[in-house]
Amino acid sequence: MAAVAALLAMDRTTLTAALKPLRRRRLVAIRPDAGDRRRRRLSLTTDGRATLAAAVPVWRRVHAAIEAQLDEDTPDRLRRHLRALG
């Protein structure tokens, strides 16, 4: 979970809270790590993978619509600024 929290730039408590509704909907499974039971492993369930597969085309359409409304160099400038933050 620590690696996922770092990837998403959030602390583990925030990640845990964000995962609760996904876990309740059985989209995400959280299990102890086989090698170190203090650690937790996250995985998408079958329903989680199906939900993600359905969401990606919607996200792409919305993202393209937003980019289409921006001036020509804004997406590149925004990406540069976001990279600078990371």
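Three principal axis extents describe the C-alpha atoms of the chain; from largest down they are 50, 30, 20 Å.
Stretched out straight at 0.36 nm per residue, the stretch from THR14 to ASP76 would grow longer than its current Cα-Cα span by 19.4 nm. Across the chain, the mean sequence separation of Cα contacts (distance under 8 Å, 6 or more residues apart), normalised by length, yields a relative contact order of 18 percent. Going by neighbour counts of Cβ atoms within 10 Å, the residues GLU67, GLU72 line up, fewest first, as GLU72, GLU67. Take the Cα radius of gyration of the range 1-44 and divide it by 2.2 N^0.38 Å, N being the number of residues; the result is 1.11.
Note on the chain: with charges restricted to the Cβ of Lys and Arg (+1) and Asp and Glu (-1), its dipole about the Cα centre is near 780 debye.
Karplus-based coupling profile of the range 60-69, in residue order and whole Hz: 4, 4, 5, 4, 5, 5, 5, 4, 5, 7, with θ = phi - 60° in 6.51 cos²θ - 1.76 cosθ + 1.60 and x standing for Gly or Pro. Working value for the range 46-86: equivalent-ellipsoid semi-axes of 27, 15, 4 Å, each the square root of 5 times a Cα gyration tensor eigenvalue, largest first. Its relative contact order, with pairs defined as Cα atoms under 8 Å and 6+ residues apart, puts the range 1-44 at 31 percent.
Taken together, the values in this text are just the output of simple stated rules run on the coordinates, not laboratory data. Just so it is clear, the structure is predicted and the values come from calculations on it, not from any experiment. Here Cβ is always computed from backbone atoms with ideal geometry, including for glycine, and neighbour counts include all displayed protein chains.
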